[in-house]
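Beneath this line is the structure, given in C-alpha cells, with notes to follow.
The values are calculated or read from the model by the stated rules, or taken from the named source; none is laboratory data. Note that the structure is predicted; figures quoted are calculated from it, not measured. Here Cβ is always computed from backbone atoms with ideal geometry, including for glycine, and neighbour counts include all displayed protein chains.
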C-alpha cells in the first residue's frame, strides 16, 4: 500500500516546515510521494522551503482554491491512497501505520482526531468533539485519507465549492463507503483564533455549516458571509 500525500498551499512559506518535518520523522517506503500544490495566487517563496526537503515536490496548480489544488495534486499522484493535509498541520508519530491498519481492516477513507497547539480550554473542547463520526465534527484540519479508487468514484472535490469542499466530499461518501476516525491526533494551528475571538470563529463556522446543510446559498455566498463574520484577512486554505 503506497500513500501519496497532497498538501494544498497559499502563502504558507512560514508554516509548512513543521509539517514536512513531521513527515520526515515518519518517512518510510510506504510514502510514494509528497506533493505540495501551491496556488497560482501565492506571492511567497515556498519553493525555498520545499526544496530543502528531498522527498517533497512542489507543483503549481493552474487554478487557485483548495478543491482545485487538491484535485490537481491527486491527478499527479500515483499512490494507492491519497492523503490530503493542510499546510499548518503537524502529523502524529505512527500516522502511516495508522492509515495502513485502518484500510487493511475495512476503511475506505477516514481522518484523525485533532488538537490545537494551544492550552486554551475552549479549544480543547472543540478538539474533543473531533472523535465523533458526525458530519458537523469533520473538517479539513483533521486531514483526509481515501483510497484512490474511492476518490475517483466520487469524482474528487467539487471545485465549485470555494468553502466547505471537504464537507461536500464527506456528504457524498456517506452511506456508500466506510469512514473511520482514528484515535491519534493531528496537531493544528490556532492561528484563526489568534486573529479572531473564539466566539466569532464559532459563529462563522455555525453559519457556514447551517447554510451548507440547508443548501439554500451558493458556496460563494457562504464564503462571503464567513469572511464578513470573521472580519479579517484569514485565508481558508
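So here's what we get for this one:
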| read-out | value |
| --- | --- |
| All positions within region 156-168 that are surrounded by 18 or more Cβ atoms within 10 Å (Cβ to Cβ) and either modelled with pLDDT of 95 or more or out of contact with any strand residue (DSSP E or B) (no Cβ under 9 Å at 6 or more places or on another chain) (or both) | 156, 157, 161, 162, 163, 164, 165, 167, 168 |
| Search result, residues across region 171-202 that are surrounded by fewer than 18 Cβ atoms within 10 Å (Cβ to Cβ) and in a helix (DSSP H, G or I) | 171, 172, 191, 194, 195, 198, 199, 200, 202 |
| Those residues of region 114-155 which are at pLDDT 95 or above and outside any loop (DSSP other than H, G, I, E, B), in sequence order | 144, 145, 146, 147, 148, 149, 150, 151, 152, 153 |
| The listed residue being in a loop (DSSP other than H, G, I, E, B) and crowded, with 17+ Cβ neighbours inside 10 Å, out of 27, 53 | 53 |
| Residue in region 63-75 that is under 29 Å from residue 149 (Cβ atoms), touching a strand residue (DSSP E or B) at 6+ places or on another chain (Cβ under 6 Å) and part of a loop (DSSP other than H, G, I, E, B) present | no |
